[in-house]
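The values are calculated or read from the model by the stated rules, or taken from the named source; none is laboratory data. This structure is a prediction, so every number in the text was calculated from the model and none was measured. Cβ coordinates were reconstructed from backbone atoms using ideal geometry, including for glycine residues, and neighbour counts include every protein chain displayed. Heavy atoms of the whole protein, side chains included, go into the accessibility calculation; ligands, DNA and RNA do not. Shrake-Rupley method; radii C 1.70, N 1.55, O 1.52, S 1.80 Å.
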Amino acid sequence: MIITEKKDRAKLLETVKDYKSFFLLGCSECATLCGTGGEPELKEMKELLEANGKTVTGTFVAKTGCQVLGTKVELKGHKEALEATDCIIVMSCGAGTQSAVEIFPQIAVYPANNSAFLGNMTRLQMFDERCSLCGDCILDQTGGICPVTACPKGILNGPCGGTNDGNCEISPDIKCAWVRIYERMGKLGKTVEFKEMVLEPKRWSASIKPRRVNAREEKK
Amino acid sequence: MSFRETLESGKFVVTAEVGPPKGTDIKQMTHDMELLKGKVDALNVTDNQSAVMRICSIAGCKLLVEHGIEPILQMTCRDRNRIGLQSDLLGAYVLGIKNVLCMTGDHVLAGDHKDAKPVYDLESVQLLKTVDGLNHGRDLAGNEMQGATDFYFGAVVTPEANPLEPQLAKFHKKIKAGAKFFQTQAIYDIEKFKGFMQVAREYPVKVLAGLVILKSVGMANFLNKNVPGIRVPQEFIDELKAAGKEKALETGMDIAARHIRQLKEENICDGVHIMAIGMEDKVPVIMQKAGLL
């Protein structure tokens, strides 16, 4: 899921100081799990805005805020509240914010969160980054552990000289990705493969922005 | 004889290194270069070492060439993508720089520009393969070039890495990628180093043992605590302690000289790489103590 963190509230209030009436849009998926854009956070934001002399014309937690058409349909029931607002605050990720921008070209839209990374939830509201969405997956060759993401240098052919008792040179809290890959491949009986494989430089052309996928074409 | 010829001839070689300054005042670096001229077989020029921004290693190497000293260009993958790396390699070659040491490079977080974007488009193994390609007249994209390089290229290895096995696998990959020589991270435990050399001797590569001069008990403890892959055994810390503060550096130099003698006499490796870290004037003294001058 997309991991989001709340932007500094004082700064957010400063950014939207010229607007008077707000509509708050959350998301029931990632942002709800991150505690940044579910019902409780929308309520908290509503109270904060009202305490600062603003009006909140409506709030809504979209089912999937990054789904543009679905969100547009869902918001039809909030027509009046949206017509009365001069600013939408989106409390999901950058994708959700830009869904709102697309749906409401005439209304100002501001993000309440910073989008951090694609993460795995390891425990309640604890997230690890494990995939960088590089567009050229090599997990098949690295024992299922992504060095592009798990190694701060993202290097592809074994540990650097900074391995420190199995940990990363930049922090003892990070286990060396290549030591993890070595151990994992060892368990799978692939120690020789680990030693012999030399991965080619990554195909970064696979992640040139903006990326677009048309899954319909593939079904033809 | 060139560094390559000397090393390949089987003679015991000595390399040291100079770190370019931050800023344009090169008096100290020029002084160090002149001091080491004619004494060491080649001088490494570090590449923004510890990710601290300084004069680039190519300019440092070019200054060495102008002073009649053979340089080893240290090249890290931290600051340039594959286009920048290859372009700099070609540029270095036409400036008369013939030796390259390929490394991944300390993370930007270790240095003085912590908000810089770390590049690592390639890493050490891929950089070695890239140099090998340039030597064969083709770039990383497979394009034929007008004029190939003829670099003598090597890499680094950490014999005391923990865990050692993945590090040895990387050593193996670096050799597969074409590395001809290795300069190791600092070693102090010669018996353990012999164990590493047993593995290294299976390969057709030259190995220069890395030596860092101990100047105090504090420095030894600092290395043990803060530098991954360096382990100063307690016996040397005790030796430095017994020598007292004033004689500590002398003792550190004696330890280094002893190690050089042993490495050479017992034919353990092919040479040494002395990292003086700001005490370049001590390199000739150590070489003298070791009977090399």
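Which of the numbered conditions does A:Thr57 fail, given that it passes all the others? Conditions: (1) farther than 17 Å from A:Gln98 by Cα; (2) of a type in the set (Ser, Thr, Tyr); (3) part of a helix (DSSP H, G or I).
A:Thr57 satisfies all of (1) farther than 17 Å from A:Gln98 by Cα; (2) of a type in the set (Ser, Thr, Tyr); (3) part of a helix (DSSP H, G or I) except (3).
Give the stretch B:170-193 a look and list any residue that's more than 25 Å from B:Asn224 (Cβ to Cβ) and at the interface with another protein chain (Cβ under 10 Å from one of its Cβ atoms), or say none. Walk me through how you get there before you give the answer.
Of the residues in the stretch B:170-193, the ones more than 25 Å from B:Asn224 (Cβ to Cβ) are B:172-181.
B:His172, B:Lys173, B:Lys174, B:Lys176, B:Ala177, listed by residue number.
Kindly state which strands (runs of 3 or more DSSP E) lie completely within the stretch A:88-134 and contain at least 1 residues that are touching a strand residue (DSSP E or B) at 6+ places or on another chain (Cβ under 9 Å) and among the β-branched types (Val, Ile, Thr). Working first, answer last.
Details: elements: A:108-111, A:113-123, A:126-129.
Counting at least 1 such residues, we get A:108-111, A:113-123.
Counting only residues that are over 23 Å from B:Lys194 (Cα atoms), in a helix (DSSP H, G or I) and open to solvent by less than 70 Å² (accessible area, probe 1.4 Å), how many does the stretch B:252-293 have?
4
Looking at A:Thr122, A:Thr71, can you tell me which residue is polar (S, T, N, Q) and over 30 Å from A:Pro152 (Cβ atoms)? Write out each step before concluding.
On the way: A:Thr122 fails: over 30 Å from A:Pro152 (Cβ atoms).
The match here is A:Thr71.
May I ask you to list pairs of residues, at least six apart or on different chains, whose Cβ atoms are under 6 Å apart, with the first in the stretch A:193-215 being within 11 Å of chain B (Cβ to nearest Cβ) and within 17 Å of A:Asp140 (Cα to Cα) and the second being among the small types (Gly, Ala, Ser) and open to solvent by less than 100 Å² (accessible area, probe 1.4 Å)?
A:Phe194/B:Ala169; A:Lys195/B:Ala169
Looking for whichever is among the basic types (Lys, Arg), touching a strand residue (DSSP E or B) at 6+ places or on another chain (Cβ under 7 Å) and farther than 19 Å from B:Leu164 by Cα here; the options are B:Lys247, B:Lys206, B:Lys282, B:Lys264. Which one fits?
On the way: B:Lys247 fails: touching a strand residue (DSSP E or B) at 6+ places or on another chain (Cβ under 7 Å); B:Lys282 fails: touching a strand residue (DSSP E or B) at 6+ places or on another chain (Cβ under 7 Å); B:Lys264 fails: touching a strand residue (DSSP E or B) at 6+ places or on another chain (Cβ under 7 Å).
Result of the check over B:Lys247, B:Lys206, B:Lys282, B:Lys264: B:Lys206.
Which residue, of A:Lys190, A:Lys153, is more than 11 Å from every other protein chain (Cβ to nearest Cβ) and surrounded by 14 or more Cβ atoms within 10 Å (Cβ to Cβ)?
Values: A:Lys153 fails: more than 11 Å from every other protein chain (Cβ to nearest Cβ).
That would be A:Lys190, the only listed residue that is more than 11 Å from every other protein chain (Cβ to nearest Cβ) and surrounded by 14 or more Cβ atoms within 10 Å (Cβ to Cβ).
Only one of (1) more than 29 Å from B:Cys61 (Cβ to Cβ); (2) among the β-branched types (Val, Ile, Thr); (3) crowded, with 24+ Cβ neighbours inside 10 Å fails for B:Thr184. Which number is that?
Of the numbered conditions (1) more than 29 Å from B:Cys61 (Cβ to Cβ); (2) among the β-branched types (Val, Ile, Thr); (3) crowded, with 24+ Cβ neighbours inside 10 Å, the odd one out for B:Thr184 is (1).
Taking the stretch B:1-55 only, how many residues are buried (at least 22 other Cβ atoms within 10 Å of the Cβ) and at positive phi?
The number of residues fulfilling the criteria is 1.
With at pLDDT 95 or above, open to solvent by less than 20 Å² (accessible area, probe 1.4 Å) and either under 30 Å from A:Ile181 (Cα atoms) or not hydrophobic (A, V, I, L, M, F, W, C) (or both) as the only criterion, which of A:Gly53, A:Gly143 stands out? Spell out how you get there, then give the answer.
Working: A:Gly53 fails: open to solvent by less than 20 Å² (accessible area, probe 1.4 Å).
From the options A:Gly53, A:Gly143, the qualifying one is A:Gly143.
Return the residues of the stretch B:103-154 that are closer than 30 Å to B:Lys22 by Cβ, small (Gly, Ala, Ser) and within 12 Å of chain A (Cβ to nearest Cβ); say none if nothing qualifies.
Matches in the stretch B:103-154: B:Gly105, B:Ala110, B:Gly111, B:Ser124.
Do the conditions hold for B:Cys77, that is, is it open to solvent by less than 10 Å² (accessible area, probe 1.4 Å), of a type outside the set (Lys, Arg) and within 11 Å of chain A (Cβ to nearest Cβ)? First the steps, then the outcome.
Numbers: open to solvent by less than 10 Å² (accessible area, probe 1.4 Å): yes; of a type outside the set (Lys, Arg): yes; within 11 Å of chain A (Cβ to nearest Cβ): yes.
Yes.
Mind listing whichever residues of the stretch B:201-217 are touching a residue at least 60 places away in the same chain (Cβ under 8 Å) and closer than 19 Å to B:Lys173 by Cβ?
Residues of the stretch B:201-217 touching a residue at least 60 places away in the same chain (Cβ under 8 Å): B:206-213, B:215.
Within the stretch B:201-217, B:Lys206, B:Val207 meet the criteria.
Test of understanding: among B:Asp281, B:Asp254, which residue is more than 23 Å from B:Met33 (Cβ to Cβ) and acidic (Asp, Glu)?
Numbers: B:Asp281 fails: more than 23 Å from B:Met33 (Cβ to Cβ).
Only one candidate qualifies: B:Asp254.
What number of residues within the stretch B:81-114 are within 24 Å of A:Ser171 (Cβ to Cβ), open to solvent by 50 Å² or more (accessible area, probe 1.4 Å), in contact (Cβ under 8 Å) with a residue 12 or more places away in the chain and part of a loop (DSSP other than H, G, I, E, B)? Let's see the steps before the verdict.
Step one: of the stretch B:81-114, the residues within 24 Å of A:Ser171 (Cβ to Cβ) are B:103-114.
Retained after the next criterion (residues that are open to solvent by 50 Å² or more (accessible area, probe 1.4 Å)): B:106, B:109-110, B:112-114.
Within this subset, residues satisfying the condition of being in contact (Cβ under 8 Å) with a residue 12 or more places away in the chain are B:106, B:109-110, B:112-113.
Keeping just the survivors that are part of a loop (DSSP other than H, G, I, E, B) gives B:106, B:112-113.
Result for the stretch B:81-114: 3.
Could you grab the pairs with beta carbons closer than 8 Å, sequence gap of 6+ or different chains, first residue in the stretch A:52-75 and within 14 Å of A:Ala95 (Cβ to Cβ) and among the aliphatic types (A, V, I, L, M), second one modelled with pLDDT of 95 or more and open to solvent by 30 Å² or more (accessible area, probe 1.4 Å)?
The qualifying pairs are A:Ala62/A:Ser28; A:Ala62/A:Glu74; A:Val68/A:Glu102.
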